[in-house]
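Note sheet for the following structure.
The values are calculated or read from the model by the stated rules, or taken from the named source; none is laboratory data. Just so you know, these numbers come straight off a predicted model, no measurement behind them. Using ideal geometry, Cβ is built from the backbone for each residue, glycine included, and neighbour counts are taken over all protein chains shown.
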Amino acid sequence: MVRPTQQDHSTEELQVLSFNICMIDGSWASTTEFSGCGWVWKDNFEKIQLLGTRNYIRRESALHSEIEALRWAMENMLQHSTYQSFWTDCKELIAMIKESHAWPSFAI
């Protein structure tokens, strides 16, 4: 939310920034047979609109699970909104997207 600067004798108004947020996460453990992922889509007012969770055969690494979560979330969000902001807590995934040339094994 953005608060405009106070003007003489005017009332304070709030402006809401217009964007949607899709938060993603993947789970992975080397000792289990399955991995999992999930996403939550929030609207401009941070109200949950949709969410999804699923499991699948364990991926190669935790990073692969995070990538699967992002791929699945993007696939679902395309059905609902063409403008989307994706959030993750995975530093490696962020680095891979920002510096794709440094991650040649994920080029496909």
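Odds and ends about this structure:
- Annotation: LEU51 fulfils all but one of (1) more than 15 Å from the chain's Cα centre (by Cα); (2) part of a strand (DSSP E or B); the unmet one is (1).
- Count of residues meeting criterion [in a loop (DSSP other than H, G, I, E, B) and in contact (Cβ under 8 Å) with a residue 12 or more places away in the chain] in the stretch 31-48: 6
- Here the stretch 80-108 is the region considered, the condition is being within 30 Å of THR31 (Cβ to Cβ) and among the β-branched types (Val, Ile, Thr), and the residue that is surrounded by the fewest Cβ atoms within 10 Å (Cβ to Cβ) is ILE108.
- Considering the stretch 25-63, and only residues there that are touching a Lys or Arg at 6+ places or on another chain (Cβ under 9 Å) and under 25 Å from ALA95 (Cβ atoms), the residue that is surrounded by the fewest Cβ atoms within 10 Å (Cβ to Cβ) turns out to be SER30.
- Answer residue from the stretch 71-104, given it is outside any helix (DSSP H, G or I) and of a type in the set (S, T, N, Q) and is modelled with the lowest pLDDT among those: THR82
- Among the numbered conditions (1) within 15 Å of ILE21 (Cα to Cα); (2) surrounded by fewer than 12 Cβ atoms within 10 Å (Cβ to Cβ); (3) hydrophobic (A, V, I, L, M, F, W, C), the only one that MET77 does not meet is (2).
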